[in-house]
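Comments concern the structure below.
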Amino acid sequence: MRETDWSKYFTAFLITALVFFGAFYISNTLNKKRVKEVENIQNRISLDILSSETQFELLRDVPCKAITNSVLSEELNALASRMSYAEGLLGANNDEVVKLKETYFLLEVKDYLLAKKIDQECDTRPVLVLYFYSNTDCDDCQKAGFVLTRLREKYPDVRVYSFDYDYNSPIVKTLISIFGIRKELPAIVVDEEISYGFKKLEELEKIFPKIKKLPISENFSTSTPKN
């Protein structure tokens, strides 16, 4: 009868244990790094929100000559990028993402109303675009987002406000009700005119001729950007 070679079993056990605990250590380290990264994002977004809300109050009674074309658009665009990153990292249903997204939609509406008020009092005549999309069942929504980004690059006086059609938010639901938006996404609203479905940049300019009257950015490139 052959004698059992316990050293082989011990070596195999040791290797298995090292692999297991090594994987556990790496996973734990990555999770800690991920949590820290999320905390940093949340802190930056919170600071952006506080900054934007303060600017809203400052801009309410500013003389027309002191108003710039951008108002809060650049701050909102930066905030949108961070929101998208946080959503991709944590998931759309994460509690923190839900709270931040609700606040972001509220800030968008506040900027939209402020821009309309400034237009009435100062005759700034911006083009305000409301964009309704969905993260599910909408193959063209991402492409529409790229087109609207190009639209803003071409026309600095265009402001785009994006809203998740499926998001359970009183703010979003109120906008959908006011404009009578059907779930034929993507949907784009300029003034009270609605366009459904994906449209190229040139098509949007034809559908909404008001856009074509705006000055074009000197830095705009007609070449198609690489995705």
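The values are calculated or read from the model by the stated rules, or taken from the named source; none is laboratory data. Keep in mind that what you see is a predicted model, and the values were worked out from it rather than measured. Quick reminder, even Gly has a Cβ in these numbers, built from the backbone with ideal geometry, and neighbours come from all protein chains shown.
Checking residue 179 against (1) in contact (Cβ under 8 Å) with a residue 24 or more places away in the chain; (2) farther than 24 Å from residue 110 by Cβ; (3) surrounded by fewer than 17 Cβ atoms within 10 Å (Cβ to Cβ), which single condition isn't satisfied?
All conditions are met except number (2).
If you take the residues in segment 155-169 that are over 13 Å from the mean Cα position of the chain (by Cα) and not in a loop (DSSP other than H, G, I, E, B), which one is surrounded by the fewest Cβ atoms within 10 Å (Cβ to Cβ)?
Residue satisfying both the conditions and the ranking: 158.
List pairs: first residue in segment 152-174 and under 28 Å from residue 124 (Cβ atoms), second residue crowded, with 18+ Cβ neighbours inside 10 Å and of a type in the set (S, T, N, Q) anywhere in the structure, Cβ distance under 6 angstrom, at least six positions apart or on different chains.
Close Cβ pairs satisfying both conditions: 159/73.
Taking segment 182-211 on its own, how many of its residues are surrounded by fewer than 13 Cβ atoms within 10 Å (Cβ to Cβ) and assigned to a helix (DSSP H, G or I)?
Of the residues in that region, 3 qualify.
Looking for whichever is at negative phi, touching a strand residue (DSSP E or B) at 6+ places or on another chain (Cβ under 9 Å) and at pLDDT 70 or above here; the options are 86, 80. Which one fits? Reasoning before the result, please.
On the way: 86 fails: touching a strand residue (DSSP E or B) at 6+ places or on another chain (Cβ under 9 Å).
80 is the lone residue from the list that is at negative phi, touching a strand residue (DSSP E or B) at 6+ places or on another chain (Cβ under 9 Å) and at pLDDT 70 or above.
What are the residues in segment 188-206 that are among the β-branched types (Val, Ile, Thr) and in contact (Cβ under 8 Å) with a residue 40 or more places away in the chain, if any?
Just the residues of segment 188-206 that are among the β-branched types (Val, Ile, Thr), to begin with: 188-190, 194.
Once the filter is applied, which keeps residues that are among the β-branched types (Val, Ile, Thr) and in contact (Cβ under 8 Å) with a residue 40 or more places away in the chain, segment 188-206 yields 188, 189, 190.
Considering (1) farther than 18 Å from residue 186 by Cα; (2) part of a helix (DSSP H, G or I); (3) polar (S, T, N, Q); (4) at pLDDT below 75, say which one residue 93 fails and leave the rest.
Of the numbered conditions (1) farther than 18 Å from residue 186 by Cα; (2) part of a helix (DSSP H, G or I); (3) polar (S, T, N, Q); (4) at pLDDT below 75, the odd one out for residue 93 is (2).
Given the options 119, 139, name the one that is at pLDDT 80 or above and either in a helix (DSSP H, G or I) or charged (D, E, K, R) (or both). Spell out the reasoning first.
Numbers: 119 fails: at pLDDT 80 or above.
Criteria check complete, one pass: 139.
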